[in-house]
Amino acid sequence: MTEKNKIIVEATPFFIAEQSAPEENKYVFAYTISITNQGSVPAKLLHRYWLITDSNGKLQEVRGDGVIGEQPYLKPGDTFRYTSGAILETAVGTMQGLYTMQPDEGENFNATIPKFTLSIPRTLH
């Protein structure tokens with residue numbers, strides 16, 4: 001990734017207690033993602049890829065076009081935010097992935113979604 005294609009992704013996860021059922025091994029999490037174009041070329045988010053891992057080692061892969069039904073177009077300096085969710089069978093897990101970006105000039109590139117932790121409050125110290 002060159003400086004002209006510089007996409008920064010940040011995640012803020014949170015636990016949704018009222019939708020979770022720990023006795024049924026159902027833990028519902030939401031996360032807000034901020035995608036910022038810190039490069040010098042506009043780019044459109046084409047595809048997403050997520051790898052979700054629970055604390056039992058169970059993997060879920062999620063692929064699809066865009067995010068939340070959109071394919072945001074980010075000019076230099078723009079930030080796009082959205083909130084989505086995941087359901088795990090354990091109280092702790094991780095998410096990480098990639099966004100495939102299409103710049104106005106040059107080849108498509110991947111923007112890394114850094115690994116972040118999903119956990120119910122007071123589980124991790």
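Against the condition surrounded by 15 or more Cβ atoms within 10 Å (Cβ to Cβ) and of a type outside the set (A, V, I, L, M), how does Arg48 come out, does it pass? Judged against the criteria, Arg48 is a match.
Just one of the listed residues (Glu3, Glu24, Glu61) is within 15 Å of the chain's Cα centre (by Cα), exposed (fewer than 13 other Cβ atoms within 10 Å of the Cβ) and more than 13 Å from Leu118 (Cβ to Cβ), and it is Glu61. Restricting to the stretch 19-51, name every residue that is out of contact with any Leu (no Cβ under 7 Å at 6 or more places or on another chain) and farther than 30 Å from Glu105 by Cα. Residues satisfying the conditions are Gln19, Ser20, Ala21, Pro22, Glu23, Glu24, Asn25, Lys26, Val28, Ala30, Tyr31. Restricting Gly77, Gly85, Gly93 to those that are touching a residue at least 24 places away in the same chain (Cβ under 8 Å) and in contact with an Asp or Glu (Cβ under 6 Å, 6 or more places away or on another chain) reduces the list to Gly93. Being outside any loop (DSSP other than H, G, I, E, B) and among the charged types (D, E, K, R), is that true of even one residue in the stretch 94-109? No, every residue in the stretch 94-109 fails to be outside any loop (DSSP other than H, G, I, E, B) and among the charged types (D, E, K, R).
Answer yes or no as to whether Leu88 is farther than 10 Å from Leu45 by Cα and in contact with a Ser or Thr (Cβ under 7 Å, 6 or more places away or on another chain). So Leu88 does not fit the description; no.
FYI, it's all coordinate maths here, none of it is from the lab. A quick note: this is a predicted structure, and the numbers were derived from the prediction, not measured. Glycine gets a Cβ as well: all are built from the backbone with ideal geometry, and neighbour counts include every protein chain shown.
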